[in-house]
1. Quick check, is residue 315 more than 19 Å from residue 137 (Cβ to Cβ), of a type outside the set (D, E, K, R) and at pLDDT 95 or above?
2. Suppose we keep only residues that are touching a helix residue (DSSP H, G or I) at 6+ places or on another chain (Cβ under 9 Å) and of a type in the set (D, E, K, R) within segment 208-238. Which one would you say is surrounded by the fewest Cβ atoms within 10 Å (Cβ to Cβ)?
3. For residue 68, indicate whether it is at pLDDT below 95 and assigned by TED's automatic domain parsing to the domain that holds residue 342.
4. For residue 129, are the conditions met, namely being free of Cβ contacts under 8 Å to residues at least 60 places away in the same chain, crowded, with 17+ Cβ neighbours inside 10 Å and in contact with a Leu (Cβ under 7 Å, 6 or more places away or on another chain)?
5. Restricting the first residue to segment 324-348 and requiring it to be at negative phi and touching a residue at least 60 places away in the same chain (Cβ under 8 Å), which pairs with a second residue that is of a type in the set (Lys, Arg) and crowded, with 23+ Cβ neighbours inside 10 Å meet a Cβ separation below 8 Å and a spacing of at least six or different chains?
6. Here are the criteria: (1) under 29 Å from residue 145 (Cα atoms); (2) at pLDDT 95 or above; (3) crowded, with 18+ Cβ neighbours inside 10 Å. Tell me which single one residue 305 does not satisfy.
7. Return yes or no: is residue 112 modelled with pLDDT of 95 or more and under 19 Å from residue 333 (Cα atoms)?
8. Does residue 158 meet the test of being in contact with a Leu (Cβ under 8 Å, 6 or more places away or on another chain), under 30 Å from residue 352 (Cα atoms) and without any contact (Cβ under 8 Å) to a residue 24 or more places away in the chain?
Amino acid sequence: MNQKKIFILAAALFITACAGGVRKKGKPFVIMHPRNPALDRIFQKIGKEFQAAHPHLKVELQPAYATGFYSKILTAMAGGSAPDVFYMTGKAVTDFGQRGTLADLGPFIEKDNFPLGDIPPQALDEIGINSGNIFALPLTGGASALFYNKDLFERCGLAEPDNKWTWKEYLQAAKKLTIDEDKDGRPDVIGTSSDLTYWAGMLPWIWAAGGDLLSLDGNQCTVGSEQAAVAVQFHLDLINKHKVTVNESSLSTTGTSSELFSTGKVAMMVTLPWAIWEMASTGRKNKLNIALPPAGPQKRISRYTGEAVVIWAGSKYKEEAWDFLKRITSAAVGNELVKRYWQSTRLSVLQSSVFQNPDTEFREEILYKVLVNSRSLPDMRKLGGQDGIIRDIWNNEMTLCIKDGKSAAAALLEIQHKLNAELHNYKSK
């Protein structure tokens with residue numbers, strides 16, 4: 001080969017390399033996506049676009065671990081094999097970030113003037129933005145609302161819920177919607193469900209009654225208040241006195257509350273907006289409608305929860321990973337999420353006609369109203385995390401209330417005592 005040809009070949013290789021056409025050697029760029037068909041399709045689509053924009057990377061999309069996600073991801077990080085980008089619950093972000101396992105996105109956000117103002121304050125609070133560094137970008141999220149089966153309301157001659165509903169109207173409807181068709185003593189349709197044994201599910205009811213789990217500084221448990229007892233007693237009565245909720249022996253068929261709701265066996269439930277996707281996936285979205293949660297003695301309020309995308313601190317491709325985060329959290333993807341019955345974390349999407357006046361038969365715009373009037377769960381790191389110590393303490397005490405007749409007030413005082421002991425131990429470390 002003469003010198004001229006060698007020069008031309010070398011120049012061509014140089015130009016190709018500058019254009020990103022030569023793959024970097026080493027590990028692939030791994031994107032771990034959630035195990036949900038709708039979200040999986042979006043991640044696959046954006047992953048292909050991202051690969052085309054970064055041909056020097058070998059992009060691999062992997063589904064999230066089916067079980068033990070957080071312990072496995074920490075193990076992978078320790079072993080140097082964690083995914084470059086992954087999806088996680090918002091409340092876990094601060095804990096992972098303070099462990100030094102997530103990349104700080106602050107410099108990227110500042111450099112690109114990323115529009116944090118287009119993200120709801122609740123979503124930013126969920127990822128712990130008030131604690132200092134920013135370790136994630138919110139992707140999906142939403143606040144609890146009242147989901148109900150409009151066919152069952154019509155069948156029972158009930159007007160659909162409106163913004164005047166309180167706990168009183170909610171209870172009255174639950175009684176009428178509990179139907180024993182074959183008169184065998186076990187309802188074939190049950191009025192509603194209860195989150196009594198799940199502390200996070202009960203918090204918006206406690207807030208609505210004027211109570212709270214923790215003090216404003218998070219250093220004291222305050223759940224033993226009279227206001228909190230009002231909320232817990234209301235749910236105890238739904239279960240034991242009025243018998244209008246799902247429990248182990250209430251229905252002639254079995255399944256989780258969510259599964260039973262999606263198949264028309266539970267008439268209504270206050271839950272997070274994932275109910276829309278579940279109803280849509282079973283082909284029953286035409287039976288679904290949405291209303292504001294019933295107002296409690298003090299106010300009407302919802303619980304916000306969300307998920308976010310993060311960059312592993314050990315990634316060699318943080319600049320490229322940041323580009324993926326911008327793509328997957330864009331307003332364009334937000335519009336796709338809405339079409340697939342998921343909720344975006346972009347205000348420009350939530351306030352647009354795509355969301356406010358959706359081409360669906362149910363009132364999806366209600367979800368924006370409950371979002372505005374919602375709170376994120378408190379930071380529970382002092383109590384072992386969101387699924388830590390409180391989960392078992394709460395579940396045990398509420399089970400005693402349901403099965404052994406322990407009073408709501410006594411159970412909450414016991415929870416308060418135990419959690420304050422844990423908070424004291426945390427401060428003593």
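The values are calculated or read from the model by the stated rules, or taken from the named source; none is laboratory data. Remember, predicted model here, so these are calculated numbers, not experimental data. Cβ coordinates were reconstructed from backbone atoms using ideal geometry, including for glycine residues, and neighbour counts include every protein chain displayed.
1. no
2. 226
3. Spelling it out, residue 68 is indeed at pLDDT below 95 and assigned by TED's automatic domain parsing to the domain that holds residue 342.
4. So residue 129 does not fit the description; no.
5. As it stands, the answer is 329/346; 331/346, since those pairs meet every condition given.
6. All conditions are met except number (2).
7. yes
8. no
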